[in-house]
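Below is one structure; the comments refer to it alone.
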Amino acid sequence: MSAVARRYYERGLQALQSNDLETAQESLRAALDLAPGFCNARCAYGVALAKAGDAPRAATVLRAGIPRASSPITAAALYATLGDVCVLGGDFFGAEEAFNQAALTPGFEARVASGLARVQARLGRFRDMAASLKRAATGS
């Protein structure tokens with residue numbers, strides 16, 4: 001990855017943290033243009049788009065990165081972020097599917113369980129939600 005892509009990414013993260021979503025989107029998009037396989041930039045770009053209210057486009061950006069993932073951990077991070085974006089966009093079944101894909105990779109248990117708990121609550125599956133929250137709290 002180029003140093004220029006890294007600088008765009010860092011600028012985009014700073015803008016995202018200060019809630020300057022337009023600058024975040026521009027900078028993170030530039031990072032992805034320079035390095036399409038830059039997973040952290042892709043995840044952050046998806047978050048910036050979703051926070052700006054464009055969850056469908058955020059989901060598309062994240063899904064496009066999954067085949068480019070350099071490792072199972074990278075793919076799981078994309079799937080977990082996709083799950084979060086789908087929840088924001090109201091696609092609870094898509095979110096559930098994305099979280100379940102992330103769950104196939106060790107190390108994502110707590111993040112997946114907490115994401116699934118949000119989905120299950122929105123779908124009225126409160127018993128499943130309670131079990132997921134318990135898994136999230138214990139990290140298993």
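FYI, it's all coordinate maths here, none of it is from the lab. These figures come from a predicted structure and were not determined experimentally. In this analysis, Cβ positions are derived from the backbone assuming ideal geometry, glycine residues included, and neighbour counts consider all displayed protein chains.
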Quiz prompt | Taking V112, V85 and counting other C-beta atoms within 10 Å, the order from fewest to most | solution = V112, V85
Self-check item: Rounded Å value of the spacing that divides the Cα centres of the range 10-58 and the range 74-100
Solution: 17 Å
Quiz item: Summing -39500 (n - 2.57) over the DSSP H runs of n ≥ 4 in the chain and dividing by its residue number, what mean residue ellipticity at 222 nm do you reach, to the nearest 500 deg cm²/dmol?
Solution: -25000 deg cm²/dmol
Quiz item: For P72, what is the net charge nearby, where nearby means another residue's Cβ is under 15 Å from its Cβ and Lys, Arg count +1, Asp, Glu -1?
Solution: +1
Practice problem: Using every Cα-Cα pair within the chain, state what percent have a distance larger than 28 Å. | Solution: 19 percent
Exercise. With a bin width of 5 angstrom, please list the P(r) values of the range 1-52 as percents of all Cα-Cα pairs, from the 0 bin to the one holding the largest distance.
Key: 5, 30, 37, 19, 8, 1
Quiz item: What is the dipole size for the range 1-52, taken about its Cα centre, with +1 at each Lys and Arg Cβ and -1 at each Asp and Glu Cβ, in debye to the nearest 20?
Solution: 140 debye
Quiz prompt | Normalised convex hull volume, the range 70-140, alpha-carbon set, Å³ per residue | solution = 63 Å³
Self-check item: Ranked list, fewest to most other Cβ atoms within 10 Å of each Cβ, for L78, L13, L104
Solution: L104, L13, L78
Quiz item: Tell me, F38, F99 in order of fewest to most beta-carbon neighbours within 10 Å?
Solution: F38, F99
